[in-house]
Amino acid sequence: MTVFAENKRYYSLNQAYRETFGGKIFKVPVDAGFDCPNRDGTVAKGGCTFCSVSGSGDMIVAPSEPLPVQFQKEIDMMHQKWPGVEQYIVYFQNFTNTHAPVEVIKERFEQVVNLPGVVGLSVGTRPDCLPPEVVDYLAQLNERLYLWVELGLQSTFEATGELINRAHDYQTYLDAVANLRKHKIQVCTHLINGLPGESLEMMRENVRRVILDSDIQGIKLHLLHLMRNTKMLRDYHEGRLQLMSRKDYVDVICDQLEMIPQEIIIHRLTGDAPWDSLVGPKWSLKKWEVLNAIDEELLRRDSYQGKFDLRKGGVGHAKCASL
C-alpha cells in the first residue's frame, strides 16, 4: 500500500499541493460572470435541474465585485484561520467558465493571473464549451502557470443526463478530455453520487467508466445536494429521487476509491451547501463527520485508494460488471 500523507488512505488534493508547492495552498473561488449553455438557450434552457439560480458559487463571499476584489476578500477571510499562507490558486468556479468568446475569457482570466501570490488557476467548465481556440489559450496558460481544467460530467449515463437537463452526451466529454490532454493539461472530472434514478451500482459504474475511458489526473466526487428553488425538487416530491443515507454514501465512496488508481488526485469527496437553502440530505452539513466516516470505513475494511486499481486489471466492485 502506498503511504498517503496526513494519515489518509487516498491521495488528497492538499497532499498534491504540498508536494508541488512545498506548503499549504489556498484554492480561492471567484465568480467571473459567465453563464451556462443549457441556461441561456445555446443548447437548452433552465440549466441542470440540481443547479440553483446562483450556480455552484453559493459560498463565494462577494460574487458581484470585480475579480481582484473578490480574490482579496476571499483570501482575507481564509487568512483569519491560516495567516501564513502566501500561495494561491484562483478557482473559476461558478457556472461555465469557458462559455464565451476566447477574447472575453482572456480578459477575465488575465485579471487574476498576475495578482500577488497566484501560482495557478483551476477552471470549472463543461465538455461542450471547449472549442479549439479556447483549448489553445488554456494550453498557453498551462505553459505559464499551474493549471487544472475541471470538467463537469456528473454522470456517464445518457438517461441521467437527459433527466437532469445536462444537454451533452458522454462522447462529448471523452472528446474534451482527449483534446485537453493533447496539450498535457491536467483534467479533473466531476461526478455526482445520488442523482435521480441512479443505483449504487450505477454510481460505481460512473467511476469505472471515467477511469477506463479517459486520461484524467484528478476526480471530484460530490454528494447530490437538493436545494430550494431548483427543478429537481419536483423529482423529489414526485418520488423519482431518494436522498442518500450517510451510510450508503460512505460505502459507495469507499467502493469508488478502491477502483481509482493511486496517482489520480482526489479533489473532493463531498461538498458544501448553504444550510438555509439545503433541502437535504441534512447530514451533509456536518462535512467533517462525513470525511471522518470515510476514513473510518477505509480503516475498517483495511482498504485504500487503488486497492482494486482498474487500470491494473482490478475489477472494482463486482456489481459494476453487470451494467
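The values are calculated or read from the model by the stated rules, or taken from the named source; none is laboratory data. Just so it is clear, the model here is predicted, and its values are computed rather than measured. Neighbour counts are summed over all protein chains in view; Cβ atoms, including those assigned to glycine, are modelled from backbone coordinates with ideal geometry. Surface areas here come from the heavy atoms of the whole protein model, side chains and all, with no ligands, DNA or RNA. Shrake-Rupley method; radii C 1.70, N 1.55, O 1.52, S 1.80 Å.
In table form, for the structure just shown:
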item	result
Among the residues listed as 311, 300, the single one being surrounded by fewer than 16 Cβ atoms within 10 Å (Cβ to Cβ), within 28 Å of residue 5 (Cβ to Cβ) and in contact with a helix residue (DSSP H, G or I) (Cβ under 7 Å, 6 or more places away or on another chain)	311
Residue 100 vs. criteria open to solvent by 20 Å² or more (accessible area, probe 1.4 Å), modelled with pLDDT of 95 or more and small (Gly, Ala, Ser)	yes
Residues of the stretch 251-268 that turn out to be touching a helix residue (DSSP H, G or I) at 6+ places or on another chain (Cβ under 7 Å), open to solvent by 10 Å² or more (accessible area, probe 1.4 Å) and over 16 Å from residue 300 (Cβ atoms), as a count	2
Of residues in the stretch 218-250 being part of a loop (DSSP other than H, G, I, E, B) and touching a helix residue (DSSP H, G or I) at 6+ places or on another chain (Cβ under 9 Å), the one surrounded by the most Cβ atoms within 10 Å (Cβ to Cβ)	225
Tabulated pairs, the stretch 154-182, first free of Cβ contacts under 8 Å to residues at least 60 places away in the same chain, second part of a helix (DSSP H, G or I) and hydrophobic (A, V, I, L, M, F, W, C), C-beta under 6 angstrom, 6+ apart or interchain	179/135
Enumeration of residues in the stretch 263-294 that are more than 17 Å from residue 233 (Cα to Cα), part of a helix (DSSP H, G or I) and not hydroxyl-bearing (Ser, Thr, Tyr)	283, 285, 287, 288, 289, 290, 291, 292, 293, 294
Matching residues in the stretch 162-194 - criterion: being surrounded by fewer than 21 Cβ atoms within 10 Å (Cβ to Cβ) and in a helix (DSSP H, G or I)	162, 163, 170, 171, 172, 174, 175, 178, 179, 181
Selected residue (criterion: surrounded by the most Cβ atoms within 10 Å (Cβ to Cβ)) from residues of the stretch 59-79 that are in a loop (DSSP other than H, G, I, E, B) and free of Cβ contacts under 8 Å to residues at least 40 places away in the same chain	60
Per-region count, the stretch 150-175, residues hydroxyl-bearing (Ser, Thr, Tyr), closer than 18 Å to residue 232 by Cα and within 17 Å of the chain's Cα centre (by Cα)	1
Any chance residue 91 is within 19 Å of the chain's Cα centre (by Cα) and over 30 Å from residue 279 (Cβ atoms)	no
Pick from the stretch 269-284, criterion more than 29 Å from residue 216 (Cα to Cα) and of a type in the set (Gly, Ala, Ser), ranking: least open to solvent (accessible area, probe 1.4 Å)	280
Pair list, Cβ < 8 Å and 6+ apart or interchain, from the stretch 97-118 residues that are assigned to a loop (DSSP other than H, G, I, E, B) to residues that are open to solvent by less than 30 Å² (accessible area, probe 1.4 Å) and of a type in the set (S, T, N, Q)	97/125; 98/125; 99/125
Members of the stretch 195-217 that are among the charged types (D, E, K, R) and open to solvent by 10 Å² or more (accessible area, probe 1.4 Å)	198, 201, 204, 208, 209, 213, 215
